[in-house]
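Remarks on the structure that follows.
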Amino acid sequence: MPNHNQFVRQTAAVLLACGLIASLLLAFAAAQEGAGKPPVAGKGLPDMPMTAPVEHSLAYEVAQKPAVESKLLSEMESLDNWEPWVDPRAFGTISLSKNRFYKGQASVLLTSPTKGEEPSFTSTRGRPWGCSSAIYNIDKKDWTEWNRISLWVYPDLPGFRTVSFNLVLHNDNPIDPTVDSKQYDGAFVPYDSANGYHYYNLYSGLNYQLLENHKWNKVAWEIPHVRRDRVIALELRYRLQGNQREMTDTVKYYFDELYLEKVEQPEHWQGWNVAPGQIAHNHLGYLTGFPKTALSADPSPKTFQVIDVDANQVALEKQITSRTTQQETFQLLDFSEINRPGTYALRAGDVQTRPFQIGGFNGLYRDNLIKLINFFYCQRCGTEIPGRHSACHSDFICAHGDKRIVINGGWHDAGDLSQSTKHTSGAVHAFLSLAEQFQDTDRELSERLLEEARWGLDWILKTRFGDGNRVNWGTMDFWTDGILGTVDDVIAKPSDSHAATHNYVTINLHAARAEAKAAILLSKKDPVMADYALRCAKEDWNYAVKGIQDLDMDTAGIALNASLALFEATEDDKYRDAAISYGNYIVRCQQRDDLSDQVPLKGFFFGNERRERISLPRSITSSEKYAVTGLVGLVKTFPDSEHAQAWEAAIRLYADYHKTMAAYTDPYFMLPAGLCDLNSTQDEIEKAKIKNGIRLDDRFYIKCFPVWTTGRGNTSIILSKAIDLAAIARYLDDQELLSIAYRQLDWLLGLNSFNQSIMWGEGYRYQALYNPLIGNIVGAVPCGIHTKLNGDAPYWPSDNWHNPKEIWVHSSSDWLWLMTYFFD
């Protein structure tokens with residue numbers, strides 16, 4: 001068997017022999033002539049990449065907090081207590097530098113290569129080569145009285161546009177199951193770096209920090225959530241994440257003035273209770289005709305005021321209502337009667353919010369939509385993004401037998417630089433749907449949406465081999481030199497289960513759905529591309545349905561959506577018949593009667609028609625939206641079908657189920673993850689997680705957050721459910737249901753326990769997100785708020801790490817999809 005270097009050389013030789021490299025470079029250069037340039041601002045569209053006010057970020061607020069007490073750990077005037085990381089995957093050196101320092105006469109210098117001399121074959125092909133670390137040793141000290149770490153960092157990385165490093169706090173015993181039996185319950189899966197849990201081995205806390213290159217940066221990390229009673233080390237880490245050709249291949253970090261600090265009020269990080277001193281509200285604004293509420297934890301003020309900022313006067317003064325729920329006691333500020341469009345603020349006692357808007361969705365959310373477009377633009381792969389990176393990853397290859405495809409293009413899918421057909425397809429479909437909505441009312445915006453859709457569509461079409469095999473997921477977690485045949489090439493092969501080509505049923509169905517939608521929308525603008533997209537959609541659909549062996553609800557949902565899209569594009573009865581068949585299967589997966597007198601719940605779905613296990617999200621995504629929106633599509637497309645009554649009954653049951661479920665998180669109305677059955681758990685760990693939810697009886701519980709298995713973060717989970725409810729609400733003209741759907745945007749834009757907008761650059765108090773190679777992007781949406789360990793309460797500490805703070809395309813795609821039900 002050839003080794004990796006031989007395989008790389010052989011691959012390069014094959015590509016050269018076929019003349020493919022030259023043609024690829026010519027096509028790539030031509031693409032840069034237009035698509036690679038920043039979108040030109042029109043009268044209603046800003047230049048991209050966009051910027052956001054620094055003073056609106058949470059990092060800015062945290063930096064203003066004075067330390068009421070501090071303790072110097074290291075002046076960095078010597079290497080006492082400092083050592084490099086010693087491990088087979090360790091790189092780099094540490095030394096004392098007297099050439100650059102913030103204070104005194106020296107600093108600790110970490111020097112590292114950007115990549116190893118051999119290919120990166122860590123646990124996952126495409127992950128970094130390893131780490132370089134400067135470790136400050138501590139003799140099991142108790143840091144419990146301190147709640148912030150600070151230091152100064154000077155990164156010297158010539159050619160890098162985005163710079164980051166890690167702080168890692170190591171505690172001798174990071175997890176104590178006896179501290180809180182409800183929280184831990186003696187059952188917790190230790191940290192697995194490939195799966196994204198928070199702790200492993202001696203980790204007690206980890207935080208990625210973005211830095212400005214070639215200047216001294218003050219870094220402050222609040223740690224009230226981190227166990228720190230027996231601290232053994234503080235690690236300053238750089239991950240070897242490669243370099244593009246204009247970037248240096250040797251990086252330097254200078255560290256100085258390491259302190260322990262105490263601040264009076266660290267940021268709220270866990271629980272349903274509202275952060276002290278805050279009024280939690282939707283920072284963007286509220287819709288006319290919809291409920292308008294805000295929350296506070298302070299029981300002292302008895303009344304609140306709504307301030308009309310434009311008129312500089314009080315628009316409403318009203319009693320604050322104290323409300324006690326299963327989670328907490330809240331102070332409720334309800335100002336639903338205010339419907340006049342304008343700019344407002346809330347005031348209760350000494351606390352006043354920053355301004356927000358009241359108005360119609362189009363007026364409030366057009367700029368928000370543009371920020372989402374900006375996010376996708378900045379995530380583009382294979383082209384220059386000004387201020388972010390040059391044209392990238394032309395040596396990222398997918399192999400299928402003797403065939404090779406260079407798979408750059410599309411969008412970097414996550415905080416690393418990976419690629420996903422499923423998530424790209426979802427984004428393309430959402431962009432196309434919005435472009436269609438605006439084509440008569442906002443031509444400029446419609447064209448920009450279509451441009452972004454086509455960027456993703458081109459990647460979907462280019463990464464298929466034409467025989468049912470295509471790229472599924474490609475892991476890429478570093479910059480490359482763009483030269484085929486060098487050590488940083490990544491070649492996804494069929495043996496890489498998560499990073500390869502494969503006739504994967506649902507992936508082809510996701511692609512077919514997007515391709516069919518593109519065929520419809522491009523039929524007049526670009527008939528050649530429309531015809532090609534439709535041909536690919538038909539082929540991908542055929543490959544997929546032939547490969548279905550054991551149908552389940554998730555597969556039936558995307559198959560139903562793809563079939564409906566192809567029927568709309570072709571009016572071919574075979575797609576109608578398939579859609580009806582998949583829809584009827586989904587109906588058979590639904591619980592149509594109350595579980596019992598004690599648990600009067602129905603309308604939810606099981607994972608398959610055998611009804612063995614209730615459908616429940618267990619990671620950072622949910623596929624239920626395809627099943628429910630598919631049923632709505634069926635009843636709208638075939639209202640005279642003999643099955644239409646059953647389809648409508650199913651969506652009505654589902655709507656009523658979620659009206660009941662939303663009340664369990666009153667007054668936030670964040671949609672719970674779902675109903676759980678202890679009798680169908682996989683193991684004792686899963687059972688313990690479920691028992692931390694809301695008990696209905698000895699068997700059934702409601703989990704507000706998923707029963708996590710791998711990734712964590714509930715943004716896409718609640719948006720997926722909101723998409724379902726909004727689709728049903730528009731069909732049934734159900735304002736209550738539509739309001740519940742909109743409440744999920746309230747939660748994400750600040751009406752949460754932390755009074756933080758989770759979209760970077762929207763609203764206020766947004767935290768830095770995990771995107772260490774490209775940096776913070778206006779419009780970026782993370783995987784989202786999660787739970788601590790096995791708990792079931794909101795958890796959103798200052799740590800910046802994957803997956804919760806990580807930006808993924810699917811979160812933003814679901815946000816776009818939800819918008820289609822609210823824009824006129």
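If you check 218, 262, 302, which single one turns out to be charged (D, E, K, R), in contact with a strand residue (DSSP E or B) (Cβ under 7 Å, 6 or more places away or on another chain), closer than 30 Å to residue 115 by Cα and surrounded by fewer than 20 Cβ atoms within 10 Å (Cβ to Cβ)?
Details: 262 fails: closer than 30 Å to residue 115 by Cα; 302 fails: closer than 30 Å to residue 115 by Cα.
Sole residue among the options that is charged (D, E, K, R), in contact with a strand residue (DSSP E or B) (Cβ under 7 Å, 6 or more places away or on another chain), closer than 30 Å to residue 115 by Cα and surrounded by fewer than 20 Cβ atoms within 10 Å (Cβ to Cβ): 218.
Residues of region 336-345 being surrounded by 21 or more Cβ atoms within 10 Å (Cβ to Cβ) and touching a Ser or Thr at 6+ places or on another chain (Cβ under 8 Å), which ones?
In the first step, residues of region 336-345 are kept if they are surrounded by 21 or more Cβ atoms within 10 Å (Cβ to Cβ); the result is 344.
Within region 336-345, no residue meets the criteria.
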Can you tell me how many residues in region 570-597 are in contact with a Leu (Cβ under 7 Å, 6 or more places away or on another chain), touching a residue at least 24 places away in the same chain (Cβ under 8 Å) and in a loop (DSSP other than H, G, I, E, B)? 2
Here is a list of conditions, (1) out of contact with any Lys or Arg (no Cβ under 9 Å at 6 or more places or on another chain); (2) surrounded by 18 or more Cβ atoms within 10 Å (Cβ to Cβ), and residue 270 meets all of them except one; can you say which number that is? (1)
Within region 624-665, the residues that are surrounded by fewer than 23 Cβ atoms within 10 Å (Cβ to Cβ), of a type in the set (S, T, N, Q) and part of a helix (DSSP H, G or I) are 637, 645, 660, 665
Failed item in (1) within 30 Å of residue 695 (Cβ to Cβ); (2) open to solvent by less than 10 Å² (accessible area, probe 1.4 Å); (3) of a type outside the set (Asp, Glu), with residue 739 passing the rest: (2)
Failed condition for residue 721, given (1) open to solvent by less than 10 Å² (accessible area, probe 1.4 Å); (2) out of contact with any strand residue (DSSP E or B) (no Cβ under 8 Å at 6 or more places or on another chain): (1)
Given the residues 39, 46, 2, 53, which is the only one that is more than 24 Å from residue 258 (Cα to Cα), loosely packed, with under 11 Cβ neighbours inside 10 Å, out of contact with any strand residue (DSSP E or B) (no Cβ under 9 Å at 6 or more places or on another chain) and at pLDDT 50 or above? 53
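Of all residues in region 527-557, count the ones that are within 21 Å of residue 454 (Cα to Cα) and surrounded by 15 or more Cβ atoms within 10 Å (Cβ to Cβ). Steps first, answer last, please.
Filtering region 527-557 down to residues within 21 Å of residue 454 (Cα to Cα) leaves 527-541.
Among the residues that remain, those that are also surrounded by 15 or more Cβ atoms within 10 Å (Cβ to Cβ) are: 529-530, 532-534, 536-541.
Total satisfying the criteria: 11.
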Residue by residue through region 346-397, note down the ones that are of a type in the set (Gly, Ala, Ser) and not in a helix (DSSP H, G or I). 348, 349, 359, 360, 382, 387, 390, 391, 394
Of the conditions (1) in a strand (DSSP E or B); (2) of a type outside the set (D, E, K, R); (3) surrounded by 15 or more Cβ atoms within 10 Å (Cβ to Cβ), residue 72 clears all except one; give me its number. (3)
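Quick one: how many residues across region 667-681 are touching a helix residue (DSSP H, G or I) at 6+ places or on another chain (Cβ under 7 Å) and either among the small types (Gly, Ala, Ser) or not in a loop (DSSP other than H, G, I, E, B) (or both)? Please lay out each step first, then the result.
The first filter runs over region 667-681 and keeps only residues touching a helix residue (DSSP H, G or I) at 6+ places or on another chain (Cβ under 7 Å), leaving 668-673, 676, 678, 681.
Next, from what is left, pick out any that are either among the small types (Gly, Ala, Ser) or not in a loop (DSSP other than H, G, I, E, B) (or both): 673, 676, 678.
So the answer is 3.
Of the residues that make up region 752-773, is at least one part of a helix (DSSP H, G or I) and of a type outside the set (S, T, N, Q)?
Filtering region 752-773 down to residues part of a helix (DSSP H, G or I) leaves none.
The answer is no; no qualifying residue exists.
Kindly provide the set of residues from region 469-495 that are in a loop (DSSP other than H, G, I, E, B), within 30 Å of residue 513 (Cα to Cα) and touching a His at 6+ places or on another chain (Cβ under 9 Å), ordered by number. So that I can check it myself, show each step before the final result.
Let us first name the residues in region 469-495 that are in a loop (DSSP other than H, G, I, E, B), namely 469, 472, 475-478, 480-489, 493-495.
Pick out the ones that are also within 30 Å of residue 513 (Cα to Cα) and you get 469, 472, 475-477, 493-495.
Matches in region 469-495: 469, 472, 475, 476, 493, 494.
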Any residue in region 627-650 that's under 20 Å from residue 817 (Cβ atoms): show its pairings with residues that are surrounded by fewer than 22 Cβ atoms within 10 Å (Cβ to Cβ) at Cβ separation under 6 Å, as long as the two are six or more apart or on different chains. 632/731; 635/644; 635/648
Index of the failed condition, residue 466 passing every other in (1) open to solvent by 10 Å² or more (accessible area, probe 1.4 Å); (2) in a helix (DSSP H, G or I); (3) not hydrophobic (A, V, I, L, M, F, W, C): (2)
Do we have any residue at all in region 75-85 that's modelled with pLDDT under 95, part of a loop (DSSP other than H, G, I, E, B) and within 35 Å of the chain's Cα centre (by Cα)? yes
Just one of the numbered conditions (1) more than 26 Å from the chain's Cα centre (by Cα); (2) of a type in the set (A, V, I, L, M, F, W, C); (3) surrounded by 17 or more Cβ atoms within 10 Å (Cβ to Cβ) is not true of residue 351; which one? (3)
Picking from 799, 814, 824, 733, which residue would you name as being free of Cβ contacts under 8 Å to residues at least 24 places away in the same chain and either surrounded by fewer than 24 Cβ atoms within 10 Å (Cβ to Cβ) or under 14 Å from the mean Cα position of the chain (by Cα) (or both)? 733
Some residue of region 666-675 being farther than 13 Å from residue 628 by Cα, open to solvent by 10 Å² or more (accessible area, probe 1.4 Å) and either in contact with a strand residue (DSSP E or B) (Cβ under 8 Å, 6 or more places away or on another chain) or free of Cβ contacts under 8 Å to residues at least 24 places away in the same chain (or both): yes
Is there a residue in region 483-502 that is surrounded by 19 or more Cβ atoms within 10 Å (Cβ to Cβ), among the hydrophobic types (A, V, I, L, M, F, W, C), closer than 30 Å to residue 159 by Cα and more than 25 Å from the chain's Cα centre (by Cα)? yes
Answer yes or no as to whether residue 721 is modelled with pLDDT under 95 and more than 30 Å from residue 476 (Cβ to Cβ). no
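From the list 195, 173, exactly one residue is within 25 Å of the chain's Cα centre (by Cα) and modelled with pLDDT under 95. Which is it? Full working, then the answer.
Details: 173 fails: within 25 Å of the chain's Cα centre (by Cα).
Matching residue, one of 195, 173: 195.
The values are calculated or read from the model by the stated rules, or taken from the named source; none is laboratory data. Everything numeric in this text was worked out from a predicted model, so none of it was measured. Glycine gets a Cβ as well: all are built from the backbone with ideal geometry, and neighbour counts include every protein chain shown. These area figures cover heavy atoms from the full protein model, side chains too; ligands, DNA and RNA do not enter into them. Shrake-Rupley method; radii C 1.70, N 1.55, O 1.52, S 1.80 Å.
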